[in-house]
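> Okay, handing you the structure first.
Coordinate-derived values only; no laboratory data. Only a predicted model underlies this, so the values are computations on that prediction, with no experimental measurement involved. All Cβ positions, glycine included, derive from the backbone under ideal geometry; neighbour counts span all protein chains shown.
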Amino acid sequence: MKRFIKDFFIFSLVSSLILGLFFLVGFELLPFRVMPNIKYIGEGYGFSDIRFKEVDTLNDIDILFLGSSHAYRGFDTRNFDSIGFRAFNLGSSAQTHDETQILLKRYLKELNPKLVVYEVFPNVFKNSGIESNLDLINNDIVDYLNFKSALRVNNIQVYQTLAHAYYKQKFKSQNKIKSYTRSNDTYIKGGYVEKAIKPKYTHSTSRKGWELNELQKSSFKQNIEMFNSENIKYILVFAPVSSSYYESIDLKKFNNFIRSYGNYYDFNRISNMNDSLHFYDPHHLTQEGVDKFNTDFIHILKDHVLIK
Amino acid sequence: MKVRNTFIIFVVSGFWHGANWTFIVWGALNAIYFLPLLLRDKNRVHTGDIAANRLLPSLKELKGMLITFGLTVLAWVFFRAEDMAHAGQFLMDLFLGLADYMNYYKTYRLLYNFNPSLVFLIIFFYLIEWFGRHNDFAIQKLLKNSPRIIRFIFYSLLIYLIFNFMVAEETPFIYFQF
């Protein structure tokens, strides 16, 4: 038994070193297609690479938007700048509450917003957080917060992508931003992404219901506690989705849950959107839809949440 | 009696995998594969190692290996199919598809996009299985007489390959939804 423990210890030590070496050689020499568990996103779909670079240059803003694509494709910062609010949109693709928490820990103190607009999308609450973790790892700095989050998500793709991103951060130069326009999307200063696409009526076939992932629930709760402890005013917003998508959600359960965490505005009940004119898919607004939503939002902001 | 018992064993084994005709056919096919040996009372003849004292198999052994492999994979069509209709369609496409020239182009495209590392993995593990074929587990005594560091490097390489190629939870990228 004593010999087994000794051999096991020696093997663990030596194999860890050899494994590390194998990974380093792989990162340096092998193409991504032979390392299928490393999800290198690079120039991400949601412009996270540019957004995270821009946020580093800001401080003391008026409004901070957080959330998924419904945030960064739903709140056009130009609409807020034009009425004198200094706004930044820190939303990102499939941003889970666990990822939001990392971003808050990194940027909240510097940004010091007067108001946080926290976009809440039902599906995000049941998300395992793998995709948003990969997005963050690939496009922002890698620090101990990523390691802690990777342990919470506990997925081999996240671990390997994290190891690769850390290696890249330590030993390689940062990628330069190549373009502010990708496909039909254009990154607008302030974090918003404008989509140049015609409206398209699509009927959602989602199954009715709503589920809650424990990790997301606890992260969401901690984020709210963070706002409260920092004395930062916040509101929770459900951005408009198409009527068929809205009907597929277990609204009673979802709304009751969200309401228990603060001031909640469901814009599906406030804004009068047209499924054929204002959406390009079941839950994303066209630019016309965004402008209409933002106008309604600014009314609520001035009437109920006035900060200036 | 022997034939009946063999059929019972394989069909029940199939049924154990699930209450579906596909599993029962899979079990029955494996029983049928045994029939030629059973009827000639040769089912206990080929129990030793293949190519016992040689590096490579003889042509006769190679033929036997290929036939066994082919028949096993053919039975797996039923094992993996959703239902009998699915299995039937798969087998129809497999054999009748040879006449359609477009299928050759599709095969070419598939091979073109094939991950080269998988070819390496298949060859690597075939070699391990071949050289370790005398043992219950292929790597059991494979490097028994090699220095410890060589064994450590080899085991670490296996761990690396597991980490690198293990299939994580299926994560369809949802960027286009969010």
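> Considering B:Thr22, B:Thr47, B:Thr68, which residue is surrounded by 13 or more Cβ atoms within 10 Å (Cβ to Cβ) and hydroxyl-bearing (Ser, Thr, Tyr)?
None of the others qualify; the one that does is B:Thr22.
> Also, quick follow-up: Please specify each residue of segment A:36-57 satisfying the condition of being more than 14 Å from every other protein chain (Cβ to nearest Cβ) and in contact with an Asp or Glu (Cβ under 7 Å, 6 or more places away or on another chain).
Hit for segment A:36-57 is A:Phe52, nothing else.
> Return yes when B:Phe95 is of a type in the set (Phe, Trp, Tyr), touching a His at 6+ places or on another chain (Cβ under 9 Å) and either loosely packed, with under 10 Cβ neighbours inside 10 Å or within 29 Å of B:Phe23 (Cα to Cα) (or both) and no when it is not.
No: the conditions fail for B:Phe95.
> Could you please find all residues in segment A:134-149 being surrounded by fewer than 22 Cβ atoms within 10 Å (Cβ to Cβ) and part of a helix (DSSP H, G or I)?
A:Tyr144, A:Leu145, A:Asn146, A:Phe147, A:Lys148 - these are the residues of segment A:134-149 that are surrounded by fewer than 22 Cβ atoms within 10 Å (Cβ to Cβ) and part of a helix (DSSP H, G or I).
> Within the bounds of segment A:67-75, is there any residue that is in contact with a strand residue (DSSP E or B) (Cβ under 7 Å, 6 or more places away or on another chain), within 14 Å of chain B (Cβ to nearest Cβ), closer than 30 Å to A:Met273 by Cβ and of a type in the set (A, V, I, L, M)?
There is at least one residue in segment A:67-75 that is in contact with a strand residue (DSSP E or B) (Cβ under 7 Å, 6 or more places away or on another chain), within 14 Å of chain B (Cβ to nearest Cβ), closer than 30 Å to A:Met273 by Cβ and of a type in the set (A, V, I, L, M).
> Related question: Taking the residues in segment A:103-131 that are of a type in the set (Lys, Arg) and either more than 14 Å from every other protein chain (Cβ to nearest Cβ) or without any contact (Cβ under 8 Å) to a residue 24 or more places away in the chain (or both) as candidates, determine which candidate is surrounded by the most Cβ atoms within 10 Å (Cβ to Cβ).
Across segment A:103-131, the extreme among qualifying residues is A:Arg106.
> Among helices (runs of 4 or more DSSP H) lying entirely in segment A:1-98, which contain 1 or more residues that are surrounded by fewer than 22 Cβ atoms within 10 Å (Cβ to Cβ)?
A:2-29, A:48-55, A:77-81
> Conditions first: (1) over 20 Å from the mean Cα position of the chain (by Cα); (2) outside any helix (DSSP H, G or I); (3) of a type outside the set (Gly, Ala, Ser); (4) surrounded by fewer than 12 Cβ atoms within 10 Å (Cβ to Cβ). B:Met102 passes all but one, so which condition is the exception?
(2)
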